[in-house]
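Remarks on the structure that follows.
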């Protein structure tokens, strides 16, 4: 299954992220190396959030990531949520539907 970790960020996110970016990216790359995090990035124009795509049997990896993320811990992320994503098209879709 796929899970989206969705972040809303503080208005001063761009000004403050530099202090925590290396730690955040190290956490993300470790999750990627474990096969949990598939793809991640921030929104652009406006930079008001981010989405991280996780793969697994439950939302646990995404929830664990958010709990450990320095962006969350230091208030750069104002709200986060995990949503199960029913993927149906593409080479890594969890429930492919072909017509």
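The values are calculated or read from the model by the stated rules, or taken from the named source; none is laboratory data. Because the structure is predicted, anything quoted here is derived from the model rather than measured. Counting neighbours? That spans all protein chains shown, and the Cβs are built from the backbone with ideal geometry, glycine included.
Points to keep in mind about this one:
- For residue 73, the stated conditions do not hold, so it cannot be described as surrounded by 12 or more Cβ atoms within 10 Å (Cβ to Cβ), free of Cβ contacts under 8 Å to residues at least 12 places away in the same chain and touching a strand residue (DSSP E or B) at 6+ places or on another chain (Cβ under 9 Å).
- Failed criterion for residue 50 (all others in (1) at pLDDT below 95; (2) surrounded by 13 or more Cβ atoms within 10 Å (Cβ to Cβ) hold): (1)
- Residues of region 17-52 that turn out to be under 13 Å from residue 74 (Cα atoms) and touching a helix residue (DSSP H, G or I) at 6+ places or on another chain (Cβ under 9 Å), as a count: 6
- The residues of region 1-39 that are within 10 Å of the chain's Cα centre (by Cα) and either over 28 Å from residue 88 (Cα atoms) or without any contact (Cβ under 8 Å) to a residue 24 or more places away in the chain (or both) amount to a single one, 39.
- Test for residue 57: is it more than 21 Å from residue 11 (Cβ to Cβ), in contact (Cβ under 8 Å) with a residue 12 or more places away in the chain and surrounded by 13 or more Cβ atoms within 10 Å (Cβ to Cβ): no
- For region 26-34, the criterion of being in contact with a strand residue (DSSP E or B) (Cβ under 7 Å, 6 or more places away or on another chain), under 18 Å from residue 80 (Cα atoms), modelled with pLDDT of 95 or more and surrounded by 15 or more Cβ atoms within 10 Å (Cβ to Cβ) is satisfied by at least one residue.
- Flag for residue 40 being in a helix (DSSP H, G or I), surrounded by 13 or more Cβ atoms within 10 Å (Cβ to Cβ), touching a strand residue (DSSP E or B) at 6+ places or on another chain (Cβ under 6 Å) and at pLDDT 95 or above: no
- Residue count for region 12-25, restricted to those that are surrounded by fewer than 11 Cβ atoms within 10 Å (Cβ to Cβ) and assigned to a loop (DSSP other than H, G, I, E, B): 1.
- Verdict on residue 96 being touching a strand residue (DSSP E or B) at 6+ places or on another chain (Cβ under 6 Å) and either surrounded by 17 or more Cβ atoms within 10 Å (Cβ to Cβ) or closer than 22 Å to residue 2 by Cα (or both): no
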